[in-house]
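Report on the structure given below.
The values are calculated or read from the model by the stated rules, or taken from the named source; none is laboratory data. Since this is a predicted model, take the numbers as computed values, not measurements. Counting neighbours? That spans all protein chains shown, and the Cβs are built from the backbone with ideal geometry, glycine included. For accessibility, only protein heavy atoms count, side chains too; no ligands or nucleic acids. Shrake-Rupley method; radii C 1.70, N 1.55, O 1.52, S 1.80 Å.
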Number of protein chains: 4
Amino acid sequence: MSKNHKRSCPVGRWQRRKEARPGEIIDAALELFCEKGFAGTRMDDVARHAGVTKGTVYLYFENKEALFYALVNEMVVPQVERAENMIANYTGSAASLIEILIKQWHENIIKTKLSGIPKLIISESGNFPELAKFYIDNVIQRGRRMMARVIEKGIERGEFIKCDPDYVSRVILSSMVFTAVWERSLASLDDETYDVEKFFDTQFEIMLSGLKKTK
Amino acid sequence: MSKNHKRSCPVGRWQRRKEARPGEIIDAALELFCEKGFAGTRMDDVARHAGVTKGTVYLYFENKEALFYALVNEMVVPQVERAENMIANYTGSAASLIEILIKQWHENIIKTKLSGIPKLIISESGNFPELAKFYIDNVIQRGRRMMARVIEKGIERGEFIKCDPDYVSRVILSSMVFTAVWERSLASLDDETYDVEKFFDTQFEIMLSGLKKTK
Amino acid sequence: MSKNHKRSCPVGRWQRRKEARPGEIIDAALELFCEKGFAGTRMDDVARHAGVTKGTVYLYFENKEALFYALVNEMVVPQVERAENMIANYTGSAASLIEILIKQWHENIIKTKLSGIPKLIISESGNFPELAKFYIDNVIQRGRRMMARVIEKGIERGEFIKCDPDYVSRVILSSMVFTAVWERSLASLDDETYDVEKFFDTQFEIMLSGLKKTK
Amino acid sequence: MSKNHKRSCPVGRWQRRKEARPGEIIDAALELFCEKGFAGTRMDDVARHAGVTKGTVYLYFENKEALFYALVNEMVVPQVERAENMIANYTGSAASLIEILIKQWHENIIKTKLSGIPKLIISESGNFPELAKFYIDNVIQRGRRMMARVIEKGIERGEFIKCDPDYVSRVILSSMVFTAVWERSLASLDDETYDVEKFFDTQFEIMLSGLKKTK
DNA sequence: GATGAATGAGTGTTCATTCAT
DNA sequence: GATGAATGAACACTCATTCAT
């Protein structure tokens with residue numbers, strides 16, 4: 001009847017949260033790995049950030065590395081799929097699709113904790129090449145192909161000038177991805193602040209006016 | 001990762017001890033820090049890579065952190081100065097200057113070990129905010145201003161359309177810097193290889209045709 | 001291995017809690033302690049082997065150590081009593097009594113899980129001196145006296161030559177006990193297999209012909 | 001000139017003992033592993049017993065298990081070889097050779113730290129089957145064959161009655177080995193003390209008079 | 001009674017740093 | 001100057017034990 005009947009049992013040490021735990025731990029790990037790096041993050045810290053003790057982390061993840069892998073798996077693939085679906089169903093112009101993709105990148109990645117992933121993968125690529133490879137194959141390459149297909153469509157539709165869709169895709173994505181990396185690393189230390197939205201608008205305008213056919 | 005990075009004396013951090021130039025140590029450290037991260041690199045490895053023993057590293061650098069600071073200081077400032085001098089003396093068009101800057105970035109940074117620096121700073125920014133701050137102030141901001149001045153000149157000279165030079169500068173630099181980061185992290189793991197030169201050409205063309213005034 | 005074995009309350013150590021008989025737990029513990037040692041055995045394993053969960057073990061035994069003590073107490077004393085009764089009622093020759101004792105050792109100890117006890121006690125004597133002491137006083141010494149009495153009787157009856165019954169007892173028992181230890185430790189790893197029965201026959205024959213008076 | 005010129009440098013933290021270290025560590029490990037078991041022994045304890053700190057142990061042994069393996073390797077093989085050489089060169093009677101072997105077992109094994117090895121191997125056989133196998137193949141089996149060959153020779157020379165040398169060998173060795181195990185485990189806890197020498201004398205006499213041919 | 005999620009003390013192992021040689 | 005044996009603090013991971021359900 002009352003909305004808080006769950007709280008009738010006092011919040012204590014023995015709360016069971018089997019369902020929620022892994023997600024909480026992964027969130028904590030993402031934040032900390034991204035901030036301090038994999039090696040620089042203590043399992044104890046991850047645990048404390050997730051509101052549990054060290055031992056509990058090991059109930060859900062075999063070891064630190066498994067936690068890292070789970071984190072990337074969990075966080076990354078759904079995003080790619082969402083974007084691919086969006087593109088598949090889109091019927092408007094290539095230019096407007098690019099605009100939407102950039103906007104969504106801003107809303108769903110840059111503004112969320114997900115923006116930590118690219119920085120994390122890049123930072124740890126030397127120590128976890130296999131994981132980096134997974135990310136390249138399942139995120140980067142798919143992203144690249146998505147954007148390339150959009151460009152291609154724009155060329156086919158007569159919207160865009162002739163160009164190599166793969167390279168144009170890389171150029172557009174590079175500053176999008178860099179922005180995520182930047183926001184999660186140096187942005188907060190830079191006293192010359194900027195407006196991410198305006199950044200993306202600028203990028204969009206220049207790129208598009210460079211790509212658009214002038215009739 | 002020790003939590004007292006910040007407590008180590010900030011004075012004298014930037015000097016190497018002695019006259020001798022343990023450039024090999026710095027080179028080894030750059031390579032290894034970039035590959036494995038600061039925490040993941042053992043002083044022993046740095047030493048061995050430099051052809052000396054562990055103790056010797058400590059003759060020249062007070063500790064691991066000092067080595068990191070020295071590395072960044074040593075490697076970074078000369079580049080910026082070189083670029084600034086180049087711009088100051090340049091008399092041609094803004095467009096051609098941008099082309100030259102991109103080419104030099106490719107030749108002098110991307111193709112050399114120096115490209116490891118941005119990846120390293122980004123990766124370790126959470127653990128070494130002071131160092132990151134130094135890098136931002138002495139490299140990033142100066143680079144941004146350089147590029148912005150070029151754009152500004154282009155607008156003044158009637159070459160370019162009206163735009164916000166600061167944001168355009170950020171857009172151009174973002175994919176340039178990202179390319180360095182990419183080459184030092186994921187590029188070697190990506191089976192879809194690409195030609196960096198063509199990447200920069202594509203970027204240059206699109207950006208420029210987006211910026212150029214059409215008479 | 002905690003250093004405070006000795007501090008755990010010595011009273012009540014020998015009792016199982018509750019009426020129910022968690023014989024399966026003790027069986028599981030015997031098997032696992034014997035195989036992996038006390039420290040090397042996880043309570044979780046004991047529980048799983050006994051078909052219950054970890055918590056349940058603690059319903060019946062105060063802690064791991066208490067389980068060990070209960071195990072030894074449970075398993076050991078009945079055997080000694082059975083043997084003592086057998087001897088008390090025996091009326092035949094000393095030689096045939098020895099033969100019977102060896103046979104029974106083979107049947108009731110060597111061939112059963114009980115053979116694990118000596119190996120276990122020996123292995124853990126350093127960590128559980130009190131328990132080892134209990135075993136010595138209640139099993140070893142009583143066994144030694146039993147065998148010594150048989151020898152003595154043999155001497156008295158004129159069957160055996162004059163000898164020190166205590167030492168002869170020790171010699172006979174040493175290979176009997178060793179066989180139990182061997183079977184529970186190295187036997188299965190030795191590719192030079194042997195027949196335990198023939199081993200005991202050989203021992204019996206040699207010892208007896210060495211002991212018997214030649215008229 | 002003075003005998004203690006080595007002591008002229010004060011005993012301190014920085015003494016280098018590269019040559020001596022491994023042996024000291026192995027000695028400490030043997031004692032502690034035997035007393036507390038492998039799992040129950042802390043590397044810290046081993047180190048302290050050897051007069052060093054934990055880190056130093058890892059300079060010489062890759063890990064705890066490697067230390068265990070090294071210990072067995074180091075300690076065991078030389079003994080077997082010594083015994084085999086002795087037998088090969090022996091020209092006297094089989095009976096006297098057995099007597100010598102028992103005496104040497106007493107002097108060189110039982111009375112020394114080496115007597116800890118059998119107990120240790122037996123205790124840890126479940127956790128280190130490979131090491132146990134090594135011990136069986138290189139020590140036990142060779143010991144068994146040695147003793148069997150002596151018995152065989154005794155039979156050939158007409159000293160001993162017909163019997164199966166392999167089984168007789170096993171019977172004799174079982175109480176010899178057991179004595180080592182006993183001395184390193186329960187002996188010190190047993191208030192019924194005994195004289196090991198007399199034990200072996202008793203064994204020798206009974207066995208021999210059981211084996212000897214009566215003309 | 002039984003469960004199993006959670007705890008936290010304990011231990012193996014690593015590695016930056018020191019300093020006698 | 002250079003070495004490398006030694007140190008010891010730090011951290012990943014384990015597991016006996018607890019207790020809310």
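Counting the residues of segment D:167-177 that are more than 7 Å from chain C (Cβ to nearest Cβ) and either of a type in the set (A, V, I, L, M) or in contact with a Phe, Trp or Tyr (Cβ under 8 Å, 6 or more places away or on another chain) (or both) gives 3. Would you check if A:Val150 is under 16 Å from A:Val72 (Cα atoms) and not assigned by TED's automatic domain parsing to the domain that holds A:Ala28? No. Residue pairs whose Cβ atoms lie under 8 Å apart, sitting 6 or more positions apart in sequence or on different chains, and linking a residue in segment B:123-150 that is under 28 Å from B:Lys36 (Cα atoms) to a partner that is of a type in the set (Lys, Arg), are B:Ser123/A:Lys119; B:Gly126/A:Lys36; B:Asn127/A:Lys36; B:Glu130/B:Lys6. The lone criterion from (1) touching a His at 6+ places or on another chain (Cβ under 7 Å); (2) of a type outside the set (S, T, N, Q); (3) outside any helix (DSSP H, G or I) left unmet by B:Gly40 is number (1).
Just the residues that are among the small types (Gly, Ala, Ser) and within 22 Å of D:Ala29 (Cβ to Cβ), please, taken from segment D:61-109.
Within segment D:61-109, D:Ala66, D:Ala70 qualify.
Here is a list: B:Arg144, B:Arg149. Which entry is under 23 Å from A:Met207 (Cβ atoms) and either over 15 Å from the mean Cα position of the chain (by Cα) or of a type in the set (Ser, Thr, Tyr) (or both)? Just one listed residue meets the conditions, B:Arg149.
Filter segment B:32-64 for residues that are open to solvent by 20 Å² or more (accessible area, probe 1.4 Å), more than 10 Å from every other protein chain (Cβ to nearest Cβ) and touching a residue at least 40 places away in the same chain (Cβ under 8 Å); which is nearest to DNA strand E (Cβ to nearest atom)? Here the answer is B:Asn63.
Restricting to segment C:124-135, and then to whatever is under 14 Å from the mean Cα position of the chain (by Cα) and open to solvent by 10 Å² or more (accessible area, probe 1.4 Å), can you tell me which residue is farthest from the other protein chains (Cβ to nearest Cβ)?
Only one residue fits best here, namely C:Phe134.
A:Ala180 meets each of the listed conditions (1) under 30 Å from B:Arg142 (Cα atoms); (2) within 7 Å of chain B (Cβ to nearest Cβ) apart from (2).
Within segment C:186-213, the set of residues being open to solvent by 10 Å² or more (accessible area, probe 1.4 Å), of a type in the set (S, T, N, Q) and at the interface with chain D (Cβ under 7 Å from one of its Cβ atoms) comprises C:Thr202, C:Ser209. Of all the criteria given as (1) within 17 Å of the chain's Cα centre (by Cα); (2) free of Cβ contacts under 8 Å to residues at least 60 places away in the same chain; (3) under 22 Å from B:Phe200 (Cβ atoms), the one not satisfied by B:Tyr90 is (1).
Filtered by the rule that a residue be surrounded by 15 or more Cβ atoms within 10 Å (Cβ to Cβ) and assigned to a helix (DSSP H, G or I), segment C:85-99 gives C:Ile87, C:Ala94, C:Ala95, C:Leu97, C:Ile98, C:Glu99. When the residues of segment C:35-61 are filtered to those that are more than 7 Å from DNA strand F (Cβ to nearest atom) and touching a Lys or Arg at 6+ places or on another chain (Cβ under 6 Å), the one that is modelled with the highest pLDDT is C:Ala47. Candidates in segment D:136-165 are the residues that are among the acidic types (Asp, Glu) and in a helix (DSSP H, G or I); of these, the one that is most open to solvent (accessible area, probe 1.4 Å) is D:Glu156.
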